[in-house]
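K.L.:
Sending over a structure as C-alpha cells; questions will come in a sec.
Every read-out reported here was derived from the displayed coordinates using simple, explicitly stated rules and does not represent laboratory data. None of the values given here were measured: they were computed from a predicted structure. Neighbour counts run over all protein chains shown; Cβ positions are idealised from the backbone, glycine included.
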Amino acid sequence: MGAHHPDDGRAGDRALGPRRSGTVRGVRPGHRSRRRLLRRLADDRGSAVAEFALVGVLLTALLLAVVQLALALHVRNTVLDAAAEGARYAALAGSSPAAGIERTRLLIDAAIAAEYAADVSAATTTVGGVPAIAVTVRTSLPVIGLLGPERGLEVTGHAAVEVLD
C-alpha cells in the first residue's frame, strides 16, 4: 500500500478519495464470524447453572463421605464400648466369660443391630501382671451405609478380674 493505492485494507472495498470517509469497522471480511464466536465464548450467561451443578455434585459427595465416616466411627465406638462393658461384667466376682459375651451381644443388639454381634469371644489374660478378662468383637466395618467387609473391624475390651478375699 502506498500513496498511489487509495485503499486502507478495511472492509468496504472501495477507494478512499478525498471526499469519502473510512469504513466504520476495521475488520477484514471473514472476521465477523470469528468475533461473534469470541464474543460468545467470553459471555458468562448460563455459566452459573453449570457451576452450581458441578459444585453441587462435589459438595454432595463430600457431605456423604463425612456422614459415612461418622457412621463408621459411631459403629466402632459403640462396639468398643459394648466390648469393654462386657469385659467389666465378666470380671465381676461370681460372673463368667460367657455372661460377658452375652452382655456384649445384648448391648450391640440394642445399640446397632444383631448382625454386628455375631462374632464375640472372651478369654482370660493378664494385663500388667493382673488377671483380666478380654472380650473381643469381630464385625463388619460399614463402608457404604451399614454394608461393608465382614470382619473388617476387631475391637477388644479389657477389665481386671475381681477377687474376693
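K.L.:
Please give the charge dipole size of the stretch 77-132, origin at the Cα centre, charges +1 on K and R Cβ atoms and -1 on D and E Cβ atoms. Round to the nearest 20 debye.
P.N.:
200
K.L.:
All other residues with a Cβ under 10 Å from the Cβ of Ala82 taken together, and with Lys, Arg as +1 and Asp, Glu as -1, what is their net charge?
P.N.:
Numbers: positive: Arg103, Arg105; negative: Asp81, Glu85, Asp109.
The answer is -1.
K.L.:
Over the stretch 58-114, consider all pairs of different Cα atoms and compute the Kirkwood hydrodynamic radius from their mean reciprocal separation; express it in Å, one decimal. Could you put the intermediate results ahead of the total?
P.N.:
Numbers: mean 1/r = 0.0792 Å⁻¹.
Its Kirkwood hydrodynamic radius stands at 12.6 Å.
K.L.:
State the volume of the convex hull built on the alpha-carbon positions of the stretch 26-91, expressed per residue in Å³ and rounded to an integer.
P.N.:
80
K.L.:
Using the Kirkwood radius over C-alpha pairs as Rh, can you work out the diffusion coefficient of the stretch 47-160 via Stokes-Einstein at 20 °C, viscosity 1.002 mPa s, in µm² per second?
P.N.:
The Stokes-Einstein estimate is 138 µm²/s.
K.L.:
What does the charge dipole of the stretch 47-160 about its Cα centre add up to, to the nearest 20 debye, if the Cβ of each Lys and Arg holds +1 and the Cβ of each Asp and Glu holds -1?
P.N.:
220
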